[in-house]
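No value in this document is a laboratory result; all are computed from the given coordinates. Model, not experiment: these values are computed from the prediction. Reconstructed Cβ throughout: ideal geometry from the backbone, glycine too, with neighbour counts over all protein chains shown.
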Amino acid sequence: MPGHSKITLYALVISFLGSLPLGTLNLSVANFVFKDNIPGAIAFAIAAIVVEIVLVRIALVTVNRLEGLKRFYKLFNIVTCLILIVLSMISLNAAYNRCKFEAGLPFSNLNPFLSGLLLSVINPLHLPFWMGWTAVLKSKNILDHSLGSYNVYVAGIGIGTSLAFLTYGTIGHLLITNLLNYQILLNWLVGITLLLTALIQFYKTFFTPIKKLI
């Protein structure tokens, strides 16, 4: 298999599988589709993918310069954890007050593109996830330092995430339809997911060596 095709396939599969676990990004896409707001779902997905691609570019540049990132990494994670906790409280409060599912989704009242940008930016997993995989692929000589390899790598990631969002836009639409009478449960699910993500990230920030994180 040609080198660039192999890189694209690896990036696509990693991105697709990494985007499948249930989270606010996936549920937001499914919610837009459920409300028959296909343009909103597309705008949200595009914004989220743009942020991910930018962070991948950062990972490509910084994967060999991790020492200089240590002092910023902890600060970034602390801020992100606080934001996630606030968002989780909003979702849990919506569940407690028996609000509709949409009310429990963070930034659901904003423009879809802006909502996608904000939710993707505060996702604490993007940067360490792609820095880790970039380091692994480079160590196995699958990804080299050429511009062409970087371009197809980023393209593969974008395609993989798009397919994951498409999956949630179809299957997730059916899921939300079937759970329409259990909207409070969905709000609890979103809130608990955000809270667990914040707690896990908090633990990694203070109790895991930086090199193991990325």
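Structure notes:
- The calculated FRET efficiency for the pair Ile78 and Ile159, based on their C-beta separation and a Förster distance of 30 Å, comes to about 0.35.
- Net charge, Ile14 excluded, C-beta distance under 13 Å - Lys, Arg +1, Asp, Glu -1: +1
- Length gained on full extension, Thr62 to Asn37, computed as 0.36 nm times the residue gap minus the Cα-Cα distance: 5.2 nm.
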